[in-house]
1. What is the projected area of the convex hull of the Cα atoms of the chain, averaged over all directions, in nm²?
2. Normalised by the residues of segment 111-226, what does the relative contact order come to in percent, with Cα pairs under 8 Å and at least six apart?
3. List the GluC sites (Glu not before Pro) within segment 385-476 that fall in a DSSP loop (any state other than H, G, I, E or B) and whose Cβ has at most 16 other Cβ atoms within 10 Å.
4. Helix 320-329 versus the longest principal axis of the chain: what angle, 0 to 90°, nearest 10, using Cα atoms?
5. Take the alpha carbon gyration tensor of segment 131-212, find the square roots of its eigenvalues, order them as a ≥ b ≥ c, and report rounded if a/c is under 1.5; if not, report prolate when a/b exceeds b/c, else oblate.
6. What order do H263, H393 take when sorted by accessible area (1.4 Å probe), most exposed first?
7. How large is log10 I(q)/I(0) at q = 0.14, 0.15 Å⁻¹ when the Debye formula is applied to the Cα atoms of segment 213-368, each weighted equally and without solvent?
8. What aspartates and glutamates could a cross-link reach from K387, if we take a straight Cα to Cα line under 18 Å and drop same-chain neighbours fewer than 8 places away?
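The values are calculated or read from the model by the stated rules, or taken from the named source; none is laboratory data. For clarity, every value in this text was computed on a predicted model and none was experimentally measured. Neighbour counts run over all protein chains shown; Cβ positions are idealised from the backbone, glycine included. Quick note on the areas: whole protein, heavy atoms, side chains included, nothing else; ligands and nucleic acids left out. Shrake-Rupley method; radii C 1.70, N 1.55, O 1.52, S 1.80 Å.
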Amino acid sequence: MTDCQGDGEGTMSPMELFEKLNAQGEKVRSLKSAKAEKAEIDAAVQLLLKLKVDYKQMTGQDYKAGCPPSENLIVSNNGPAADDCDGEDLVDPWNVSASSTKGVDYDKLIVRFGSSKIDKELLERIEKVSGQRAHHFLRRGIFFSHRDMHQILDAYEKHKSFYLYTGRGPSSEAMHVGHLIPFIFTKWLQDVFDIPLVIQMTDDEKYLWKDLTLEECHRFTVENAKDIIACGFDVNKTFIFSDLDYMGASPQFYRNVVKVQKHVTFNQVKGIFGFTDSDCIGKISFPAIQAAPSFSSSFPQIFGGKKDVPCLIPCAIDQDPYFRMTRDVAPRIGLLKPALLHSTFFPALQGAQTKMSASDPNSSIFLTDTPKQIKNKINKHAFSGGKDTVEEHRKYGGNTEVDVSFLYLTFFLEDDEKLEKIKEDYTSGALLTGELKKILIETLQPMIAQHQERRKQVTDEMVQQFMTPRPLNFKF
Ligand code: TRP
């Protein structure tokens, strides 16, 4: 597959090849409709056929427009792709659903998306370069995949700093514990590397996708920003911005948006996100807005106009399509590709087949829940991997792979030894489901109460400070 090379990243992933096929198909159609020279059309058709053969070889499937490779994931709630293809797992920026109770097959996802696994070697390097023990999200494979993390560490070792970019789509006032995962992790990264952080609040995105007014979306930005600030970010190192405000306030940001818009075709975003002809044009051009914060020149007040400060994006894997697109255009507009760290999803109480949803109160533990609500929800709704009767459970033991209470503890119980002991006891049957749930309840109740306490301390003035474009405490 010699000509299946990506942009200097080695062999293409099935998804990249699929996207290339989409683009080539489009090219053939446009040459034909423009009545181009026969030789030119023939050459384009030849390449198309060659790509189809490569695709079949790589995936074992015939290329079909609108049906991304293999049995699971990507694309989309918009198009027919989701049910036309023999789908099992579905993962895109708007949906997550898996066919197995164990949840999404993340190893397959790495192959599909063409990213790299966070392996032992990378973990050790992160520890060496940062001088800190790896965060338990890294040790436990919650952050499991990356792009170009080695390059970020290489540069950092040579005293070339980088910055962090993450974000949140403010779709309601209520955030749940799952929403905190990227922010808890980002805070750790900021602390150990001592670097600037920008946080994009995509109120524009939520306006375009949901039945909400602009005012509501902007208000959710401010409310959600309070929860984010309550995670402990340092105002001297962190810039939080609303797209609705910052797009109009920053000429450099808008210029990067326009550059991206010029270099991505409708056909490409159709392939990546599954947009269709009846999607509003706001959606179609939105990915350029999520791409722009990946470039340091979008924040001249922080980076003094420097174009080449590398960017690292911690995010859940469902955001990867945006950044595949970003990495694809970056070299074509003379900018650096962002690096990424991907996390798994935070499962719904009902089981790992789906992620928590802010719109279903029983699927999530909210940051506003009282101790009593937390207790009731876990006891009533947390999917159990235990056996039906105490006798059976004692005899056969429980299954930690599907047990939601255990899964939650892997996120929030930091003590490795305690967690290991719980796993052993649950698997052997010594620990019952009710007892496991009790441990989770007693872990979450104080954690959420402390969050609520910290959030109360966040004033409107503090939010205003975080959201004002200004230099941060770094020299570039
Ligand atoms: N689209 C994301 C959401 O709906 C928000 C977002 C914007 C984001 N930029 C990001 C998430 C960068 C992670 C990293 O939640």
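1. Details: hull surface 95.1 nm².
So the Cα hull casts an average projection of 23.8 nm².
2. Working: 110 pairs, mean separation 29.7, N = 116.
In percent, rounded to a whole number, it is 26.
3. Working: sites: E391, E392, E401, E414, E417, E420, E424, E435, E442, E453, E461; in loops: E401, E414.
In loop regions of segment 385-476 (DSSP not H, G, I, E or B), the sparsely surrounded GluC sites (Glu not before Pro) are E401, E414.
4. On a 0 to 90 degree scale, this one is about 30.
5. Numbers: a/c = 2.52, a/b = 1.80, b/c = 1.40.
Since a/c reaches 1.5 and a/b is larger than b/c, the shape of segment 131-212 is classed as prolate.
6. Details: H263 60, H393 5 Å².
Output order, biggest surface exposure first: H263, H393.
7. -0.89, -1.02
8. E401, D403, E424, D425, E435
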